[in-house]
1. On full extension of the chain, what length is gained from Asp26 through Ser169, given 0.36 nm per residue of separation minus the C-alpha to C-alpha distance?
2. With 5 Å bins from zero, work out the P(r) of segment 32-84 over every alpha carbon pair and list the percent per bin.
3. Which loop-located trypsin sites (Lys or Arg not before Pro) does segment 25-122 contain, where loop means any DSSP state but H, G, I, E or B and the Cβ has at most 11 other Cβ atoms within 10 Å?
4. Ranked from the most accessible area to the least, with a 1.4 Å probe and all protein chains present, what is the order of Thr186, Thr74?
5. Within segment 1-108, report the GluC sites (Glu not before Pro) that DSSP leaves as loop and that have at most 16 other Cβ atoms within 10 Å.
6. Tell me the GluC sites (Glu not before Pro) within segment 148-223 that lie in a loop according to DSSP and have at most 10 other beta-carbon atoms within 10 Å.
7. Compute the separation of the alpha-carbon centres of segment 103-118 and segment 57-91 and state it in Å as a whole number.
8. For Gly149, enumerate residues with amide H under 5 Å from its amide H, sequence gap 5+ or separate chain, H modeled in the peptide plane.
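The values are calculated or read from the model by the stated rules, or taken from the named source; none is laboratory data. What you are looking at is a predicted structure, and each value in this text was computed from that prediction instead of being measured. For neighbour counting, all protein chains shown are included, and Cβ atoms are generated from backbone atoms with ideal geometry for every residue, glycine included. Quick note on the areas: whole protein, heavy atoms, side chains included, nothing else; ligands and nucleic acids left out. Shrake-Rupley method; radii C 1.70, N 1.55, O 1.52, S 1.80 Å.
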Amino acid sequence: MENSNALTVAPSVLAADFSSLGLALDKIADSGADWVHWDLMDGHFVPNLSFGPPLIAALRPRSKLFFDVHLMVTNPVEIALEAVKAGANAVTFHWEAEVHHHRLIERLHSEGVRAGIAVVPSTPVELLQEVLPFLDLVLVMTVNPGFGGQSYLSFCEKKIQKLSSWRESLGLNYRISVDGGIQEKTAIQARKAGADTLVTGSAFFRAENPAEFVGKLRGGTLT
Ligand code: DX5
Ligand code: ZN
């Protein structure tokens, strides 16, 4: 994705009030955030169910923002293609849920969307090395996936650092997204490690002033 150093803020709809998702999208747009993050869970890859592509399709006309879809599902190919039809701009699937990573990345590209791979906290990023040149985004989970509102796992920062240094040394340009437990303090830690995309669920929707919260995520000295 272009300009991989510019900070992107991606509020996660998972933490929104599900009885008024249209308003949640308005809130995200009004806050000055960049993307909308959609967490699809199948009750199998993770022990929770959220929503599927039809919900994204229903809400697509409501927002002009970039739809960043995170699939926490086993056998992600079919759902990935449904997510594309629903209006996703980027589709990220889990490394742990697929064998033919390169095939799915290429398929997503042929559908005209960005392709990302996510890793759970215990998955080493060294496994991704062969496919990094093909990726638009790597999503480093800083909680065990399945639920919003969990605490940030700082040991995952080592993986962000590695991805950042490989991007530099190999001349690649994938984004490095961090997802789970992001609030003002942890955002600074993740950015210091090299993340350029911040997913934020509960902290964003809890904020009294979402625009100010997004401003704080963008600001903050990295010393
Ligand atoms: C967790 C999801 C996250 C989650 C983030 O499985 O992938 O995107 O919504 O929520 P917070 O910011 O509350 O940790
Ligand atoms: Zn997510």
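1. On the way: separation 143, 0.36 × 143 = 51.48 nm, distance 3.95 nm.
Fully extending the segment from Asp26 to Ser169 adds 47.5 nm.
2. Percent of pairs per bin, in order: 5, 20, 29, 24, 14, 7, 1.
3. Values: sites: Lys27, Arg62, Lys64, Lys85, Arg103, Arg107, Arg114; in loops: Lys64.
Within segment 25-122, the qualifying trypsin sites (Lys or Arg not before Pro) (loop, at most 11 other Cβ atoms within 10 Å) are Lys64.
4. Values: Thr186 10, Thr74 45 Å².
Ranked from most to least accessible, the order is Thr74, Thr186.
5. Details: sites: Glu2, Glu78, Glu82, Glu96, Glu98, Glu106; in loops: Glu2, Glu98.
Sites meeting the loop and neighbour criteria: Glu2.
6. On the way: sites: Glu157, Glu168, Glu184, Glu208, Glu212; in loops: Glu208.
Counting only loop positions with at most 10 other Cβ atoms within 10 Å, the GluC sites (Glu not before Pro) in segment 148-223 are Glu208.
7. Value for the Cα centre distance between the two parts: 12 Å.
8. Hits under the 5 Å cutoff: Gly181, Ser202.
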